[in-house]
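The values are calculated or read from the model by the stated rules, or taken from the named source; none is laboratory data. Quick caveat, the model's predicted, so the values are computed rather than measured. All Cβ positions, even for glycine, are placed from backbone atoms using ideal geometry, and neighbour counts span all protein chains on display. In case anyone asks, the SASA skips ligands and DNA or RNA and just uses the protein heavy atoms, side chains included. Shrake-Rupley method; radii C 1.70, N 1.55, O 1.52, S 1.80 Å.
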Amino acid sequence: MPEISFQSLFLFSALFRVFLILYGEWQDAHMEVRYTDVDYFVFSDAASLMASGKSPYERSTYRYSPLIAFLLMPNSFLHQSWGKFLFSASDLLVGLLIHRILKLRGVPEKLCTYSTMVWLFNPFTFTIGTRGNCEPIVCSMILWILMCLMNDRLLQAAFWYGLVVHLRIYPIIYALPIILILDPRHFQTGKKPVLMDWSSSTLNSSSGASDSKITRSQYIWNFFTSIITWRRVTFGIISGSTFFILTGLCFYLYGWDFLHEALLYHLTRTDPRHNFSIYFYHIYIHYEREFSILEKLIAFLPQFIVQLVLIFHFALDLPFCFFLQTLAFVAFNKVITAQYFVWFFCLLPLILPWSNMKLKWKGLACISLWIGAQTHWLMWGYLLEFRGKNVFFQLWLASLLFLAANTFVIINVIHSHVYCPLFKQLQGNSSKGTKDD
C-alpha cells in the first residue's frame, strides 16, 4: 500500500471543505432543511448590527464575545459565506497544529498523518466549520497555546489563553494544569524545556507506570511548597490582564448586555429545551419557578470534583489531561449540544500515538457505544421534536445512558493510555530550583 503524504491529505481536505460550503449554499436555496447552522444566522445578524454601529446584542440569542461578530463583519459587504470560509480555515489550521505538535513530540510521520486524519476527516468536525459554527477558532487557539508552552513561549501562551477564555469561558478548566506544569523541574532560567520523546515513552511504558505515581506526588508536593515562581506569576498576570482588559473594553462598549449574554448567562444557564445533558429534565419540570443562584451553580459540583481528580492525576501529561478534562466537562455539563463534541475531538489525535487500545475490538466497542447512545437519544429527540410525542422521561433515560457511555469511554481511554509527561525533568534541579526561577 503506497504511503499517504500529509500534504496530499491536507489539500484534499481543504478542497472537500470548499465543496461542502458551496453545496451548503445550494441546499439552503433549494431544500426545506438548511445545511447552514442556525448559529451562523445569529452571528451574521450580530455582525451586520455591529457594522452599522449598533450593539450585536440587539440580536436575540447572540451570546458570544463581540469579537466573533467583529470577525464576521465582511459577511455584510463581502459575501455571506465569509464566516464559513473563516471557520473552515481555522478547522484546517487545527489539522496543521495537530500534525506539528505530534512532530515536536517525536511521533513518526506515518503515525502523525493517520492521527491528524482523525480530525480532518471526522464528520463531526468538517461539518462544524462548513455549516458556520465558530468552535474551530477556539480549538485552533487552544492547540496554539499548547504549542507555545512546548516551545517555551510563555508570554504568547498567556496572551492567547486570556483571549480564548474571553471568547469561550470553558477553557478556564485548563488553568490549573497549565500552572502545575510550569514547574521549576521543567523550566529553568537559561535552559529550554526538553520534551519527552514518543519513542522513549513507548519503550519505557512498562516501567513508566510505577515511576509516574512517584513523579506525580513529587510534583503535587512541589506545587504546594513552591507555588509562587516567576513563570507562574507571569502567566497569571498576562493571561488575567488580557482577559480583564478585553472584558472591560467590551463592557465599556456594550454594558450589561455583554456581561450577561457573553459571560453570566453561561454560568447560570438553565435551558428547558431537550439536550444531551442529564439535567435538562429537572430543569424542564421545574422551569416555571425561579431557580436560585445556588441551585444554578450546584450542578458544577460534580464537574469540579471530576476536574480536580483528573488534573492531579494527569496534569504532567498535558495533552492527555486536556482531553480527559474536556470530555468529562462536556459529559457532566448542564447543557450539551453536538457542537461541544468538537472541543475534545481536536485533542483526540494528540493522545492516539500513546494509546494501546486496538481498534478491534475495544476501540470499536467504545466508538459503537458512544455513537449508539447518541443515536438512541436522537431517536427519542425526533419523536419529541417532530412527532410531538410526550417522551421527556424516555429522553432523560437516554441522557443517563449517554452519560454512562461517556464514562465508559473515559475509563477505557485511561486504562489504555501510556502515561507520558510532556516535559523531561531537567538535570541538576532540586528544591533549590525554585530559587533560580
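Screening the range 226-235 for residues that are of a type outside the set (F, W, Y) and either open to solvent by less than 40 Å² (accessible area, probe 1.4 Å) or modelled with pLDDT of 95 or more (or both) and picking the one that is farthest from L154 (Cα to Cα) gives S226. Whenever a residue of the range 340-354 is free of Cβ contacts under 8 Å to residues at least 40 places away in the same chain and closer than 17 Å to S199 by Cβ, it has no partner that is surrounded by 21 or more Cβ atoms within 10 Å (Cβ to Cβ) and among the small types (G, A, S) lying with C-beta atoms less than 8 angstrom away and at least six residues away or across chains.
Right, L308: surrounded by 19 or more Cβ atoms within 10 Å (Cβ to Cβ) and at pLDDT 90 or above or not? No; evaluated as a whole, the condition is false for this residue.
Residue pairs whose Cβ atoms lie under 7 Å apart, separated by 6 or more positions or on different chains, with the first residue in the range 134-145 and touching a residue at least 40 places away in the same chain (Cβ under 8 Å) and more than 14 Å from I178 (Cβ to Cβ) and the second open to solvent by less than 10 Å² (accessible area, probe 1.4 Å) and β-branched (V, I, T), are C134/I68; E135/V342; P136/V94; V138/V164; C139/V94; C139/V342; S140/V94.
Can you tell which of H282, H266, H274 is part of a loop (DSSP other than H, G, I, E, B), modelled with pLDDT under 85 and not β-branched (V, I, T)?
Numbers: H282 fails: part of a loop (DSSP other than H, G, I, E, B); H266 fails: part of a loop (DSSP other than H, G, I, E, B).
Being part of a loop (DSSP other than H, G, I, E, B), modelled with pLDDT under 85 and not β-branched (V, I, T) holds for just one of H282, H266, H274, which is H274.
Among residues that are of a type outside the set (V, I, T), modelled with pLDDT under 85 and out of contact with any strand residue (DSSP E or B) (no Cβ under 9 Å at 6 or more places or on another chain), P171 is not included. If you go through the range 115-133 and keep only what is more than 16 Å from S81 (Cα to Cα) and either touching a residue at least 40 places away in the same chain (Cβ under 8 Å) or in contact with an Asp or Glu (Cβ under 8 Å, 6 or more places away or on another chain) (or both), you end up with S115, T116, M117, V118, W119, L120, F121, N122, F124, T125. Please determine whether any residue of the range 35-42 is surrounded by 12 or more Cβ atoms within 10 Å (Cβ to Cβ), in contact with a helix residue (DSSP H, G or I) (Cβ under 6 Å, 6 or more places away or on another chain) and assigned to a helix (DSSP H, G or I). Looking for residues that are surrounded by 12 or more Cβ atoms within 10 Å (Cβ to Cβ), in contact with a helix residue (DSSP H, G or I) (Cβ under 6 Å, 6 or more places away or on another chain) and assigned to a helix (DSSP H, G or I), one finds none in the range 35-42, hence no.
Selection within the range 53-91: residues that are part of a helix (DSSP H, G or I) and of a type in the set (S, T, N, Q). The member of this set that is most open to solvent (accessible area, probe 1.4 Å) is S76. Any residue at all in the range 6-29 that is assigned to a loop (DSSP other than H, G, I, E, B) and open to solvent by 50 Å² or more (accessible area, probe 1.4 Å)? No: the range 6-29 contains no residue that is assigned to a loop (DSSP other than H, G, I, E, B) and open to solvent by 50 Å² or more (accessible area, probe 1.4 Å).
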